[in-house]
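The structure under discussion is supplied below as structure tokens; questions concerning it will follow.
The values are calculated or read from the model by the stated rules, or taken from the named source; none is laboratory data. Please read these numbers as outputs of a predicted model, since none were measured by experiment. All Cβ positions, glycine included, derive from the backbone under ideal geometry; neighbour counts span all protein chains shown. Note: accessible area is taken over every heavy atom of the protein model, side chains too, but ligands, DNA and RNA are not part of it. Shrake-Rupley method; radii C 1.70, N 1.55, O 1.52, S 1.80 Å.
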Amino acid sequence: MTDPTTTQDVVDLLTTDHHEVLDLLEEIKTSTAPDRRRELADVVIGELVRHSVAEEMFVYPAMRRHLPDGDAAVEHDVGEHKELEQLMKEWEVAEAGDPDFDRVLRELEEVLRDHIQDEESEQFPQLRTHIPHEELVGMAERVEAAKKVAPTRPHPLAPNNALFHFVVGPGVGLVDRLRDVWTDRPNRD
Ligand SMILES: [Fe+2]
Ligand SMILES: [Fe+2]
């Protein structure tokens, strides 16, 4: 029998992701070396894309099914993911010394903090209220497994890595692209 106090559920997992990304943003803000800042930005982009896709594939459908007003919450959250995606596309091509790099960093942090606040204070507690613990643990396992499909750190999606361009190449939705990787959709060039 599983012990609910020690078994990680999907809320634990996603909350950890949130705080890792926020810590990375702090590190970028305090770092002065352009190469390091650019490198960390790429890590943030890779992590955020994987996190957002995992939520959209495994968590938001459960929110729609189980939460009162789940549809409205999901529409709101997906809208914020799209805002984040747009900002990440701008960030991806900004040199670390450009004013744009810092502007996007500020905007991204603002949208992300607001989004995280909504999820952690409203939707995640409701998931725990409305969905049995075992199911949330199963969801965590599916999210973990999906994330392994895309390589992890160190520098999983560094700009010189072919996978980075494949996943977050310009002109194509980040989320759609990673979703393609995960669902192994054919006919991709
Ligand atoms: Fe989200
Ligand atoms: Fe999230």
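Can you find, within region 89-99, the residue that is nearest to ligand 1 (Cβ to nearest atom) among those that are among the charged types (D, E, K, R), open to solvent by 40 Å² or more (accessible area, probe 1.4 Å) and in contact (Cβ under 8 Å) with a residue 12 or more places away in the chain?
Within region 89-99, the subset among the charged types (D, E, K, R) is 89-90, 92, 95, 98.
Okay, now just the ones that are also open to solvent by 40 Å² or more (accessible area, probe 1.4 Å), so 89-90, 95, 98.
Remaining after also requiring in contact (Cβ under 8 Å) with a residue 12 or more places away in the chain: 89-90, 95.
On the way: Lys89: 17, Glu90: 19, Glu95: 28 Å.
The residue in question is Lys89.
Residues checked against (1) of a type outside the set (Ser, Thr, Tyr); (2) modelled with pLDDT under 85:
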| residue | (1), (2) |
| --- | --- |
| Asp102 | yes, no |
| Arg106 | yes, no |
| Ser121 | no, no |
| Gln126 | yes, no |
| Thr129 | no, no |
| Met139 | yes, no |
| Arg142 | yes, no |
| Lys148 | yes, yes |
| Phe164 | yes, yes |
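Take the residues in region 69-88 that are open to solvent by 30 Å² or more (accessible area, probe 1.4 Å) and either among the aliphatic types (A, V, I, L, M) or under 18 Å from Glu39 (Cβ atoms) (or both); name whichever of them is modelled with the highest pLDDT.
Applying the filter and picking the extreme gives Ala72.
What's the number of the only condition in (1) open to solvent by 10 Å² or more (accessible area, probe 1.4 Å); (2) in contact (Cβ under 8 Å) with a residue 40 or more places away in the chain; (3) within 14 Å of ligand 1 (Cβ to nearest atom); (4) closer than 14 Å to Val21 by Cβ that Val49 fails to meet?
Among (1) open to solvent by 10 Å² or more (accessible area, probe 1.4 Å); (2) in contact (Cβ under 8 Å) with a residue 40 or more places away in the chain; (3) within 14 Å of ligand 1 (Cβ to nearest atom); (4) closer than 14 Å to Val21 by Cβ, the lone unmet condition for Val49 is (1).
Okay, next question. What is the residue count in region 1-15 for residues that are open to solvent by 70 Å² or more (accessible area, probe 1.4 Å) and either at pLDDT 95 or above or within 16 Å of ligand 2 (Cβ to nearest atom) (or both)?
Residues that pass the stated criteria total 1.
Name the pairs whose Cβ atoms lie under 6 Å apart, with the first residue in region 8-37 and closer than 18 Å to Glu92 by Cα, the second within 16 Å of ligand 2 (Cβ to nearest atom) and acidic (Asp, Glu), and 6 or more positions between them or separate chains?
Val21/Glu47; Leu25/Glu109
If you take the residues of region 102-129 that are in contact with a Leu (Cβ under 6 Å, 6 or more places away or on another chain) and open to solvent by 30 Å² or more (accessible area, probe 1.4 Å), which of them is farthest from ligand 1 (Cβ to nearest atom)?
Within region 102-129, the match that is farthest from ligand 1 (Cβ to nearest atom) is Glu107.
Suppose we keep only residues that are more than 11 Å from ligand 2 (Cβ to nearest atom) and touching a His at 6+ places or on another chain (Cβ under 7 Å) within region 52-68. Which one would you say is least open to solvent (accessible area, probe 1.4 Å)?
Leu67
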